[in-house]
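Peer 1: Can you keep this structure in mind? I'll have questions shortly.
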Amino acid sequence: MGAYMKEKMQQMLENIKKDLIYMANEVEDMLYKALKALEKQDAQLAREVVEIDKRIDSQEINIEDNLLALMALQQPVAVDLRFIVGALKMNNDLERIGDHATNIAKKALDLAGEPYLKPLEDIPKMGKIARSMLHDAVHSFINQNPELARDVCARDDEVDTLHQRIQDDIIKVLQEKKGKIKQGFELISIVNDLERVADLSTNLGEEVVFMCEARIIRHGRGV
């Protein structure tokens, strides 16, 4: 590869990295606003999240097109190819996290103005952990820090434990408040979305480890 082509390829890679970081920050903001809308029953904030989702979908397509064009037009060496493969997966995972944030916002809209069947304590706690996982996964990508990425993956167990506990608590309350069954299932759906956000943030961490070390750590491999 000539010096000009190598420089052009590095510039394309840097632009894609910047686009991914920008998208990741927007998705993190979506999740923050969706959880705040749920907690404060803020319908306007929930609508903002739904609107942002359209922009995220467009960004995902643009980044994917640029990554595929880079693969087709250039001849990436091994380390660059790892970045491209990891970036393609990250791009998709970030878009899916945006979808889950949007789901939470839509549920917040449905529940706005309706007293909750019990105080929202554990759901915001679970949301805070999931948000911290997403935040740190993004920073591990920005700084190419595989140790921080591994730390993100390790936190998934805490989210899974909360996920099961919150579901059990909601079902227990519904046995006494049968008139709140619809709301109960809406809240369980939100908890499921948060569990998926944590799973996808774990995926992001795994992808950073792959980019940095060419090591696959999914399913407990190579941790």
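The values are calculated or read from the model by the stated rules, or taken from the named source; none is laboratory data. Bear in mind the structure is a predicted one, so any value in this text is a computation, not a measurement. All Cβ positions, glycine included, derive from the backbone under ideal geometry; neighbour counts span all protein chains shown.
Peer 1: Quick one: would you say ASP57 is part of a helix (DSSP H, G or I), out of contact with any helix residue (DSSP H, G or I) (no Cβ under 9 Å at 6 or more places or on another chain) and surrounded by fewer than 17 Cβ atoms within 10 Å (Cβ to Cβ)? Working first, answer last.
Peer 2: Numbers: part of a helix (DSSP H, G or I): yes; out of contact with any helix residue (DSSP H, G or I) (no Cβ under 9 Å at 6 or more places or on another chain): no; surrounded by fewer than 17 Cβ atoms within 10 Å (Cβ to Cβ): yes.
No; evaluated as a whole, the condition is false for this residue.
Peer 1: Within the range 95-135, can you find the residues that are among the hydroxyl-bearing types (Ser, Thr, Tyr) and buried (at least 18 other Cβ atoms within 10 Å of the Cβ)? Talk me through it step by step, then tell me what you get.
Peer 2: Of all residues in the range 95-135, those among the hydroxyl-bearing types (Ser, Thr, Tyr) come to 102, 116, 132.
If the condition is that a residue be among the hydroxyl-bearing types (Ser, Thr, Tyr) and buried (at least 18 other Cβ atoms within 10 Å of the Cβ), then THR102 is the only one that fits.
Peer 1: Moving on to the next point. Name every residue in the range 150-201 that is of a type in the set (Phe, Trp, Tyr) and surrounded by 20 or more Cβ atoms within 10 Å (Cβ to Cβ), in order of residue number.
Peer 2: Taking the range 150-201 and keeping what is of a type in the set (Phe, Trp, Tyr), we get 185.
Once the filter is applied, which keeps residues that are of a type in the set (Phe, Trp, Tyr) and surrounded by 20 or more Cβ atoms within 10 Å (Cβ to Cβ), the range 150-201 yields nothing.
Peer 1: Looking at GLY205, GLY184 in this structure, which one is farther than 25 Å from MET90 by Cβ, touching a helix residue (DSSP H, G or I) at 6+ places or on another chain (Cβ under 6 Å) and of a type in the set (Gly, Ala, Ser)? Can you show your working first?
Peer 2: Numbers: GLY205 fails: farther than 25 Å from MET90 by Cβ.
Only one candidate qualifies: GLY184.
This table checks each residue for (1) within 20 Å of ILE104 (Cβ to Cβ); (2) within 15 Å of the chain's Cα centre (by Cα).
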residue	(1), (2)
TYR116	yes, no
ALA137	yes, yes
GLN144	no, no
GLU147	no, no
ARG150	no, no
ASP160	yes, no
ARG165	yes, no
ASP169	yes, no
LYS180	yes, no
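Peer 1: Tell me, please, whether a residue that is in contact with a Ser or Thr (Cβ under 9 Å, 6 or more places away or on another chain), surrounded by fewer than 21 Cβ atoms within 10 Å (Cβ to Cβ) and in a loop (DSSP other than H, G, I, E, B) can be found in the range 74-94. If you could, list the steps in order and put the result at the bottom.
Peer 2: Going residue by residue through the range 74-94, those that are in contact with a Ser or Thr (Cβ under 9 Å, 6 or more places away or on another chain) are 93.
With the extra rule that they be surrounded by fewer than 21 Cβ atoms within 10 Å (Cβ to Cβ), the set shrinks to none.
Within the range 74-94, not a single residue is in contact with a Ser or Thr (Cβ under 9 Å, 6 or more places away or on another chain), surrounded by fewer than 21 Cβ atoms within 10 Å (Cβ to Cβ) and in a loop (DSSP other than H, G, I, E, B).
Peer 1: Only one of LEU117, LEU194, LEU162 is in contact (Cβ under 8 Å) with a residue 60 or more places away in the chain and part of a helix (DSSP H, G or I); which?
Peer 2: Working: LEU117 fails: part of a helix (DSSP H, G or I); LEU162 fails: in contact (Cβ under 8 Å) with a residue 60 or more places away in the chain.
Answer to the check: LEU194.
Peer 1: Using the structure shown, decide if GLN44 is without any contact (Cβ under 8 Å) to a residue 12 or more places away in the chain and assigned to a helix (DSSP H, G or I).
Peer 2: Details: without any contact (Cβ under 8 Å) to a residue 12 or more places away in the chain: yes; assigned to a helix (DSSP H, G or I): yes.
Here the answer is yes, as GLN44 does meet what is asked.
Peer 1: Here's a follow-up. I'd like the residue in the range 98-122 that is touching a helix residue (DSSP H, G or I) at 6+ places or on another chain (Cβ under 9 Å) and of a type in the set (D, E, K, R) and, out of all such residues, is farthest from ASN192 (Cα to Cα).
Peer 2: GLU114
Peer 1: I've got another one for you. Here are some residues: VAL138, VAL152. Which one is part of a helix (DSSP H, G or I) and modelled with pLDDT under 95? Break it down stepwise before answering.
Peer 2: Values: VAL152 fails: modelled with pLDDT under 95.
Going through VAL138, VAL152 in turn, the sole match is VAL138.
Peer 1: Shifting gears a bit: Just to check your reading of the model, which residue among GLU176, GLU207 is among the acidic types (Asp, Glu) and in a helix (DSSP H, G or I)?
Peer 2: On the way: GLU176 fails: in a helix (DSSP H, G or I).
After ruling out the rest, the residue left standing is GLU207.
Peer 1: Between residues in the range 202-223 that are closer than 10 Å to ALA149 by Cα and surrounded by 13 or more Cβ atoms within 10 Å (Cβ to Cβ) and residues that are of a type in the set (Ser, Thr, Tyr) and modelled with pLDDT of 90 or more, which pairs lie under 6 Å by C-beta distance while being six or more apart or on different chains?
Peer 2: VAL208/SER140
Peer 1: Do we find that MET30 is part of a helix (DSSP H, G or I) and either over 19 Å from the mean Cα position of the chain (by Cα) or surrounded by fewer than 15 Cβ atoms within 10 Å (Cβ to Cβ) (or both) in this structure?
Peer 2: Numbers: part of a helix (DSSP H, G or I): yes; either over 19 Å from the mean Cα position of the chain (by Cα) or surrounded by fewer than 15 Cβ atoms within 10 Å (Cβ to Cβ) (or both): no.
No: the conditions fail for MET30.
Let's see how each residue does on (1) at pLDDT 95 or above; (2) of a type in the set (A, V, I, L, M):
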site: MET1; (1), (2): no, yes
site: LYS6; (1), (2): no, no
site: MET9; (1), (2): no, yes
site: TYR32; (1), (2): yes, no
site: LYS36; (1), (2): yes, no
site: ASN66; (1), (2): no, no
